[in-house]
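K.L.:
Right, I'll just put the structure down here and ask away after.
The values are calculated or read from the model by the stated rules, or taken from the named source; none is laboratory data. All of these numbers come straight from a predicted model, not from anything done at the bench. For neighbour counting, all protein chains shown are included, and Cβ atoms are generated from backbone atoms with ideal geometry for every residue, glycine included. Keep in mind that these areas ignore ligands, DNA and RNA; they rest on the heavy atoms of the full protein, side chains included. Shrake-Rupley method; radii C 1.70, N 1.55, O 1.52, S 1.80 Å.
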2 protein chains.
Amino acid sequence: MTKPLNDNTAEPSKPRRRSKTRIAHEEKILNSAEFIFASYGYTGATVEKIAKHTGISKQNLLYYFSSKDKLYRAVLENILNIWLDKLNLLNQEGDSPAEKLKHYIRDKLKISQTHPNGSKVFANEIINGAPHIGDYLSNNLNKKLQADVDLVKQWIADGKIDVIDPYHLFFMIWASTQTYADFSTQIQLVLNKDKLTEQDFDKAGDFLCQVILKGIGLKI
Amino acid sequence: MTKPLNDNTAEPSKPRRRSKTRIAHEEKILNSAEFIFASYGYTGATVEKIAKHTGISKQNLLYYFSSKDKLYRAVLENILNIWLDKLNLLNQEGDSPAEKLKHYIRDKLKISQTHPNGSKVFANEIINGAPHIGDYLSNNLNKKLQADVDLVKQWIADGKIDVIDPYHLFFMIWASTQTYADFSTQIQLVLNKDKLTEQDFDKAGDFLCQVILKGIGLKI
DNA sequence: ACATTACCTGACCAAATGGTCAATTTCATT
DNA sequence: AATGAAATTGACCATTTGGTCAGGTAATGT
């Protein structure tokens, strides 16, 4: 886990202990918020919409999250932690570069599959210039990524893969895995489907592993 | 050119001929709008902000584009036409699959470089479920893409490239080229740069061509 | 049973925002 | 110079929206 994006701790007016109802409600609110923020963007999403989707009143929502901004940050924090926790290529199962990369790609793809809305919120935030989480990202992304880049450089030095730019490799993997969440509308339109199925994601995973691994000079 | 997204023609109250000032102002407004929409999303962008960025008053802007929605559609139409016009793999220069693909990839990347804001607006729109241009996209995307998909299938049948899913190949190319526009914030952060340079894009192009071509079984 | 705390709602407000409209100024054409 | 159209602006408005607050209800621990 990475360090928190906002300090929920220092909430003077909030109850001391997190009760059962509070935990349950916060969970439901966060899910709704993820969906609404993903569908309308930060400004387009209204507290009212999120509350309605959760099944509670606006004021009640504001009782749990004292402002739209705080709620938004909480949503972002959720997805960012998931995203950054899976950032480690190093810690992936397997010994060979091929195995590690395959796991990495499939892990990233899995996030697109299981957290499409969170991914969209994150994408929106980045596209808009990361106005809310710029600092947080600066502090955490590079640090974690460096180890992975070094690993890839080592693979290159050892002649295990072709000479390529590690950074662009990661950009490519991130983009081509996240696209199945962020651009699902477009993909569904092309594939003529209402929803991407388990098989679609498997197929995408197979494709990406095949092409990327072979593309950087690995046997499969 | 693809058919228009909205009919600017049927504007009863608008002047008959497009005067010099009108053309110039519309151009400047569209540019500003692209930037503001890219930075704030549809709802977050305000007519006031766009007007200020253009250097005119809000009411004056509304004289040229009678509503925020119309302006937004005009921006989208611009970028979509650019995007869809470059969609043809078939019409790319060169005879060999390798040559055609290389041009295709570099063309797409060029759009990211020259129209980053348009790309971002488009991305935002798709991420949010394409609420404004869903129909337009349904009508134009698949039709144009089909020819490209058929071509790739032919390459596979002829044994020129590996057996892969053509659709996922395009998803990958689109994602990994557009990411240099849409996620430029993140990329700049990782590369520790204020702005992506010509060299960065060249490097990205080289990388993508190398990995994708080799990845689908083409010699380079 | 009682008090304290958590939870929830109705009424309300100030600011922001998309858009209108009448009036005025600028411009091009004759 | 006159004239009609184009361009621009000031004043204004209705709606939306994030957020407040006082007061009421349900839980919970003692």
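K.L.:
Within chain B, what whole-number % of the accessible surface is contributed by carbon and sulfur, with the 1.4 Å probe and all protein chains included in the calculation?
P.N.:
50 percent
K.L.:
Grab the other residues whose beta carbon is less than 14 angstrom from that of A:Lys52, score K and R as +1, D and E as -1, and report the net.
P.N.:
Spelling it out: positives minus negatives among the neighbours equals +2.
K.L.:
State which helices in chain B qualify, where a helix is a whole DSSP H run, it must extend 27 Å or more along its own axis by its Cα atoms, and its mean Kyte-Doolittle hydropathy must be at least -1.0.
P.N.:
Membrane-span-like by this criterion, though nothing is claimed about a membrane: B:20-44, B:134-157.
K.L.:
Tell me, in nm to one decimal, what length is gained between A:Ser57 and A:Thr114 on full extension, where the rule is 0.36 nm per residue of separation less the Cα-Cα distance?
P.N.:
Going from the current span to full extension adds 17.7 nm.
K.L.:
Another question, then. Once you have a ≥ b ≥ c as the square roots of the Cα gyration tensor eigenvalues for chain B, tell me rounded if a/c is under 1.5, and otherwise prolate or oblate according to whether a/b is larger than b/c.
P.N.:
Prolate is the answer for chain B, as a/c is 1.5 or above and a/b outweighs b/c.
K.L.:
For a 23 Å ceiling on Cα separation, which of these pairs sit above it: A:Lys214/B:Lys102; A:Lys203/B:Lys203; A:Lys193/B:Lys144?
P.N.:
Those over the limit are A:Lys203/B:Lys203.
K.L.:
Right, another one. For segment B:43-155, I need the span (max minus min coordinate) of the C-alpha atoms along each principal axis, in Å, sorted largest to smallest.
P.N.:
That gives 55, 26, 22 Å along the principal axes, largest extent first.
K.L.:
Using only helices, what value at 222 nm comes out for the protein assembly as shown when you add -39,500 (n - 2.57) per DSSP H run of length 4 or more and divide by the total residues, to the nearest 500 deg cm²/dmol?
P.N.:
Per the formula, -23000 deg cm²/dmol.
K.L.:
List the GluC sites (Glu not before Pro) within segment A:88-125 that DSSP assigns to loop and that have no more than 13 neighbouring Cβ atoms inside 10 Å.
P.N.:
A:Glu93
K.L.:
Among the aspartates and glutamates, which fall within straight-line cross-link reach of A:Lys110, defined as a Cα-Cα distance under 14 Å, with same-chain neighbours fewer than 8 residues apart omitted?
P.N.:
Within reach: A:Asp85, A:Asp182, A:Glu198, A:Asp200, A:Asp202, A:Asp206.
K.L.:
Continuing with the same structure: Below 14 Å, Cα to Cα, which aspartates and glutamates can B:Lys153 reach? Residues fewer than 8 away in the same chain don't count.
P.N.:
B:Asp162, B:Asp165
K.L.:
Still on this structure, I have one more. Please report how far the C-alpha centroid of segment A:102-174 lies from that of segment B:118-161, rounded to the nearest whole angstrom.
P.N.:
Using only Cα atoms to place each centre, the spacing works out to 25 Å.
K.L.:
Using a basic spin-label model with each label point 7 Å from the Cα along Cα→Cβ, how many nm lie between A:Ala157 and A:Asp206?
P.N.:
Going by the 7 Å Cα→Cβ label model, 3.8 nm.
K.L.:
Same structure again: Suppose we compare each residue of segment B:38-59 in its chain alone and in the full protein complex with a 1.4 Å probe; which ones drop by at least 10 Å² of accessible area?
P.N.:
In segment B:38-59, residues shielded by partner chains: B:Ala38, B:Ser39, B:Tyr40, B:Thr43, B:Gly44.
K.L.:
Return the loop-located trypsin sites (Lys or Arg not before Pro) in segment A:148-220 (DSSP other than H, G, I, E, B) with at most 14 other Cβ atoms within 10 Å of their own Cβ; answer none if there are none.
P.N.:
Taking segment A:148-220 and a limit of 14 other Cβ atoms within 10 Å, the loop trypsin sites (Lys or Arg not before Pro) found are A:Lys193, A:Lys195, A:Lys219.
K.L.:
Right, next: Once you place label points 7 Å from the Cα toward the Cβ at A:Ser66 and A:Lys28, how far apart are they in nm?
P.N.:
Result: 2.4 nm between the two label points.
K.L.:
Net charge within 13 Å of A:Leu76 by Cβ-Cβ distance, Lys/Arg positive one each and Asp/Glu negative one each, not counting A:Leu76 itself?
P.N.:
Here the count lands on -1.
K.L.:
Under the rule a/c < 1.5 gives rounded, and otherwise a/b versus b/c splits prolate from oblate, where does segment A:123-194 land using the Cα gyration tensor?
P.N.:
Oblate shape, in that a/c is at least 1.5 and b/c is the bigger or equal ratio.
K.L.:
Ballpark to the nearest 100 Å², how much total accessible area do B and A bury together, probe 1.4 Å?
P.N.:
4700 Å²
K.L.:
Can you spot the aspartates and glutamates whose alpha carbon is less than 18 Å from A:Lys70's alpha carbon? Ignore those fewer than 8 places along the same chain.
P.N.:
A:Asp7, A:Glu11, A:Glu26, A:Glu27, A:Glu34, A:Glu48, A:Glu125, A:Asp135
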